[in-house]
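Right, one structure below, let's go through it.
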Amino acid sequence: SADRRKAGGEELTVPLLSEPFKHDPSFKGPIQNRSCTDIVCCILFIVAILGYIAVGILAWSQGDPRKAIYPTDSRGDFCGQAGTPLENKRKLFYFNIMKCASPMVLLSFQCPTTQLCVETCPDKFMTLKNAHANDKDFDYYKTFCKETVTLSEILRDRLCPSMLIPSKSFTRRCFPDLGLKGGVVTVGNSTKFEDGDGKMRDAKDLVDGVKNATVVMEALTISPSCFFMFLLSTFSYIRGKYYVKSTFLRIFHCYMEYANLKNEPGANVTLQELGLQTDFTVYLHIRQTWLAFMIILAIVEVIIILLLIFLRKRILIAIALIKEASKAIRYMMCSMFYPLFTFLLLAIVVAYWAVTAVFLSTSNEAIYKVVNQSACVHSGENCDHANYSTSKMKADCPESECNFAFYGGETVYHKYLIALQFYNVFLFFWCANFVTALGQMSLAGAFASYYWAYSKPGDIPTFPVFSSMGRSLRYHTGSLAFGSLILAIVQIIRVLLEYLDHKLKGAQNKFAKFLLCCLKCCFWCLEKFIKFLNRNAYIMVAIHGKNFCASAMNALNLLMRNLLRVAVVDKVTDFLLFLGKLLIVGLVGVFAFFFFSGRVKAFENTAPNLHYYWVPILTVVIGSYLIAHGFFSVYDMCVDTLFLCFLEDLERNDGSSERPYLMPDSLLKILNKKNKNKAGE
């Protein structure tokens, strides 16, 4: 069967997925008298949170974060600990630091190589073979061995590293002192380098640059919020014809630059021959650059013209919705600051997950076992390293030793430590998705109350955002938890697939790799779809107060009955918001460039003296984009909410005096519709 109806003189025929919304005289926006939804999932979420708190308390009681913060040798002793033989040995030396490069080290905070506390890091390159030929060098070499040894003991027990590499101390750990000289990677003296003026600078310049960037960042990142409302109002009036004209002018400008460089020396060099240059202005003196610009702009121009020809009405609907979203946000300015609240909650979730993960990872104990060259009844058994010399085990086996074996534990807690880490990651995804969902539903309820208000702003409730958030937490915590749970399950499956991919990197089974790649792609697409479905389901929950499944089905059916409009509105909105982000980042980036480079006289006395100003500029640009993205997400949610309300309005009402449309006049004009009571008919 099919649902046939006319929209602005254009007849649409789409498959009928469910019954359209029917007129309800009592419906006036988000329902106030509603009941709790998805109670079972709400109870499950509360129990999971209580379990998460219990895991955190257990981890905090068992873990020792000093293992992750302070250097610890292979015997489990802290380097530089007062009152121990290691008091003067404050730095940690790795026998083979390349084994620490594995990403799996992040899960356990343990590097699979011998680690030794030393007084100073090695400052010269030396191999074991060369060191043994010289007594002085061998004495120096032995300071980086487990104990005072002979060559035969070294070869038998592997008590020394195979070589020493010049290293520098960073966070009290010895890291190779690598550098680049003449295009060749060198070891040693890498803290000195040459700047653009040919002067030698110290690495401290880079640290100072980052510090200054942090200070300036606090001031510059406020600028996106200052320009925000102005930009939204500007973008609301953009039309396709302006894009066509501006793009044509850019094509003409590129052609003139291309023609003017015809007889210039060196202008016919190809981009491939030129290669990568740090001075980007060099590319503007190449004809091929302007030719590439012309081709790209011409393709964009053709695409815009085709879109305007075939999708003109739907683009106008999208622009009208964006314009209406600007009005809604002006009536609810508090919605602009809601991302700050979401950011605060997410920061708490991330901090709790990180702290719990560190305590869980450092809750392993140093396990010592009895080692004996001859037969011993206690060989391989656990032992107390501190009191072993006076223990019964030592008396039974006088030649035995109590040596460090590994970090771990044999209690029930240690056996299920991996499961607790998994639970920590899963609850992190669930809670983070719940916080995001709460923000989406709160904003959706507020913007829906704006659309369905018959008289604006008189019928808009007081404090709409806080009222909507209160309804969401009181009645729909279960629905929020349900949608977040589905998304968290998909995300944890993706994490497991990435773990399997890491484990199978050395495998030769090409079919397994292909299958794993397909699974990763499928679950990535599934995650995107679930995020889209959840977003629209939360809007319907905020409006009608039904459970998650019913709301998701109603939202999906409503969107499928208007599939082409959905595609156009979504892409046009994304494009305009992306332009807004670029404009904000561009303005902040240009200001940061002139500020840090000191090329404007007004900033000569206030700008910090930096030799590497690109580092703070990039920091400011990235930070500004993230802040702009947070504020524009409010605008994006507003457009999505108004769009669903607009589609529901078309199905519920027909423009008669009994069933008047509540959409703005701009949308009525685009669709060639009108309300009879307003027209005097």
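The values are calculated or read from the model by the stated rules, or taken from the named source; none is laboratory data. Nothing here was measured: the structure is a model prediction, and the numbers come from that model. No Cβ is skipped: glycine too gets one built from the backbone with ideal geometry, and neighbour counts run over all protein chains shown. Areas reflect the complete protein model, heavy atoms only, side chains present, ligands, DNA and RNA absent. Shrake-Rupley method; radii C 1.70, N 1.55, O 1.52, S 1.80 Å.
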Item to check | Label-point gap, in nm, between Ile299 and Phe463 - each point 7 angstrom along Cα→Cβ | outcome: 5.3 nm
Item to check | Distant-in-sequence amide H partners of Arg173 (H built 1.01 Å from N, under 5 Å) | outcome: Leu92
Item to check | Area of Leu340 that stays accessible when all protein chains are in place (1.4 Å probe, Å², to 10) | outcome: 100 Å²
Next on the checklist: Assuming 0.36 nm per residue, please report the length gained on full extension of the stretch Ile53 to Cys334 beyond their Cα-Cα distance.
Outcome noted: 97.9 nm
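Please go through the residue pairs Lys146/Lys394; Lys129/Lys503; Lys28/Lys327; Lys89/Lys392; Lys531/Lys676 and name each one whose alpha carbons sit more than 30 Å apart in this structure.
Long pairs (Cα-Cα over 30 Å): Lys129/Lys503; Lys89/Lys392; Lys531/Lys676.
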Item to check | Estimated vicinal HN-Hα couplings, Hz - segment 578-594 in sequence order (Karplus 6.51, -1.76, 1.60; Gly, Pro = x) | outcome: 5, 4, x, 4, 5, 5, 5, 4, x, 4, 5, x, 5, 4, 5, 4, 5
Checklist outcome for this item: Residues of segment 490-504 with backbone N under 16 Å of the label point set 7 Å from the Cα of Ala512 along Cα→Cβ are 497-504
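What is the magnitude of the charge dipole of segment 319-389 about its Cα centre, with +1 placed on the Cβ of each Lys and Arg, -1 on the Cβ of each Asp and Glu, and no other charges, expressed in debye to the nearest 20?
Working: 4 positive and 4 negative charges, 140 e Å.
With only Lys, Arg, Asp and Glu charged at Cβ, the dipole is about 680 debye.
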Checklist entry - For segment 308-317, what does the Karplus curve 6.51 cos²θ - 1.76 cosθ + 1.60, with θ = phi - 60°, yield as ³J(HN,Hα) per residue in whole Hz, taken in order and with x for Gly and Pro? => result 5, 6, 9, 10, 4, 5, 6, 5, 5, 4
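Keeping every protein chain in place, order Val495, Val585 by accessible area at 1.4 Å, biggest value first, i.e. largest first.
I get Val495, Val585, largest accessible area first.
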Checklist entry - Under the Karplus relation 6.51 cos²θ - 1.76 cosθ + 1.60, θ = phi - 60°, what is the ordered set of whole-Hz ³J(HN,Hα) values for segment 88-95, x standing for Gly and Pro? => result 8, 9, 9, 10, 9, 10, 9, 4
Item to check | Gain upon complete extension [Leu249, Leu308; 0.36 nm per residue less C-alpha separation] | outcome: 19.4 nm
Checklist entry - What is the extension gain from Ile46 to Glu87, computed as 0.36 nm multiplied by their sequence separation minus the C-alpha to C-alpha distance, in nm to one decimal? => result 10.0 nm
Next on the checklist: List the residues, sorted by chain then number, that are 5 or more residues from Tyr368 or on another chain and whose placed amide H is less than 5 Å from its amide H.
Outcome noted: Cys383, Ala405
Checklist outcome for this item: With all protein chains in place and a 1.4 Å probe, Trp353 shows an accessible area in Å² (nearest 10) of 80 Å²
